[in-house]
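Read the structure below first, then the notes.
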Amino acid sequence: MTKTVFVTGGNRGIGLEVVRGLAKEGHKVLLGCRDEDSGKEVVQDIVGGDVHVVEIALNNEQAIIDPFVRAEAVYGPVDILINNAGVMEDSDLNDLSLDAFDAAFQVNVKAPLILIKQVLPGMRKRGFGRIVNVSSGWGSFYEGMEGPLAYAVSKAALNALTLNVARTLDEEEDVAVNSVCPGWVHTRMGGKDAPRSPEKGAESIVWAATQDKGGPNGKFIRDKEVINW
Ligand SMILES: NC(=O)c1ccc[n+]([C@@H]2O[C@H](COP(=O)([O-])OP(=O)(O)OC[C@H]3O[C@@H](n4cnc5c(N)ncnc54)[C@H](OP(=O)(O)O)[C@@H]3O)[C@@H](O)[C@H]2O)c1
């Protein structure tokens, strides 16, 4: 059945391939991006999909909520939310500024939280919802929290957000919240040495977003398998 999907950071990299993947499966996809022109440019190449560009900067609560509410008024309530947009600054404890730390938390954690608060009550009321938080193994305690400081700590917080919100859902509800690590992907963020294509990076995100009732909830997923946090 056709669902309405919202993808943040849908104008490039992994997010764009998630948009393509879910549009290909027949869903109506709202491609969120902070620069409308960059969204319109890429959407031209998506042949046959029901894709609409929504300008949304994830910089503060109002900048997120206003365009999101307008988009739902036009395209209908969002059934599947993909919190994909992310930022990474390559700084360690010595050179990291607190502004950069705040910026990482704003985009990687607070924006997903704001959007989850916005969509989850409606999803529960309508009896269907999927939320995928695009995270990273660099935010995994189990894998040693290897990434740059603000990135690793913010992705760990995103994983904690996933687990905490998932715990509030009943097993009988057809609503699920999961984190997905896309692997090391050849994008602007991942760089040219990354072994994975954006299509491959998007696969598990699309998979988690389209699992049936009784599928994973409150899990950390890579390559379509549950992994340790
Ligand atoms: N690439 C990897 O190897 C890798 C590995 C693990 C996890 N991830 C995660 O996968 C996700 C996608 O990463 P990617 O590799 O596709 O990165 P990317 O190519 O750098 O794309 C990042 C996206 O986030 C958007 N974004 C950043 N700040 C924003 C803001 N303030 N408001 C709105 N949008 C904003 C960017 O918009 P603009 O185009 O306007 O800048 C872009 O669309 C991220 O959450 C990342 O942490 C990536």
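The values are calculated or read from the model by the stated rules, or taken from the named source; none is laboratory data. Owing to the predicted nature of the structure, the values given are computational and were not obtained by experimental measurement. We place every Cβ from the backbone using ideal geometry, glycine too, and count neighbours over all the protein chains shown.
Determine whether residue 129 is modelled with pLDDT under 95 and not hydroxyl-bearing (Ser, Thr, Tyr).
No: the conditions fail for residue 129.
So for the stretch 67-75 (the condition being at pLDDT 95 or above, more than 25 Å from residue 187 (Cα to Cα), crowded, with 20+ Cβ neighbours inside 10 Å and more than 16 Å from the chain's Cα centre (by Cα)), does at least one residue qualify?
Scanning the stretch 67-75 turns up at least one residue that is at pLDDT 95 or above, more than 25 Å from residue 187 (Cα to Cα), crowded, with 20+ Cβ neighbours inside 10 Å and more than 16 Å from the chain's Cα centre (by Cα).
Out of curiosity, is residue 19 in contact with a strand residue (DSSP E or B) (Cβ under 6 Å, 6 or more places away or on another chain), more than 9 Å from the ligand (Cβ to nearest atom) and outside any helix (DSSP H, G or I)?
The answer is no for residue 19.
Checking the structure you have, find out if any residue of the stretch 108-129 is in contact with an Asp or Glu (Cβ under 8 Å, 6 or more places away or on another chain), buried (at least 21 other Cβ atoms within 10 Å of the Cβ) and in contact (Cβ under 8 Å) with a residue 60 or more places away in the chain.
There is no residue in the stretch 108-129 that is in contact with an Asp or Glu (Cβ under 8 Å, 6 or more places away or on another chain), buried (at least 21 other Cβ atoms within 10 Å of the Cβ) and in contact (Cβ under 8 Å) with a residue 60 or more places away in the chain.
Residues checked against (1) touching a residue at least 24 places away in the same chain (Cβ under 8 Å); (2) over 14 Å from the mean Cα position of the chain (by Cα); (3) closer than 25 Å to residue 157 by Cβ:
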residue	(1), (2), (3)
18	yes, no, yes
23	yes, yes, no
29	yes, no, no
40	no, yes, no
61	yes, yes, yes
77	yes, yes, no
81	yes, no, yes
84	yes, no, yes
93	yes, yes, yes
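Just need a number here: residues in the stretch 42-60 that are surrounded by 14 or more Cβ atoms within 10 Å (Cβ to Cβ) and among the acidic types (Asp, Glu).
2
Right, residue 32: closer than 18 Å to residue 187 by Cβ and modelled with pLDDT of 95 or more or not?
Yes: the conditions hold for residue 32.
Restricting to the stretch 155-177, count the residues that are outside any loop (DSSP other than H, G, I, E, B), of a type outside the set (Val, Ile, Thr), touching a residue at least 40 places away in the same chain (Cβ under 8 Å) and more than 14 Å from the ligand (Cβ to nearest atom).
Adding up the residues that qualify gives 4.
Against the conditions (1) modelled with pLDDT under 95; (2) in contact with a His (Cβ under 6 Å, 6 or more places away or on another chain), where does residue 194 fall short? Just the number, please.
Result: residue 194 fails condition (1) only.
Every residue in the stretch 187-226 that is buried (at least 19 other Cβ atoms within 10 Å of the Cβ), within 13 Å of the ligand (Cβ to nearest atom) and part of a loop (DSSP other than H, G, I, E, B), please.
Matches in the stretch 187-226: 187, 190.
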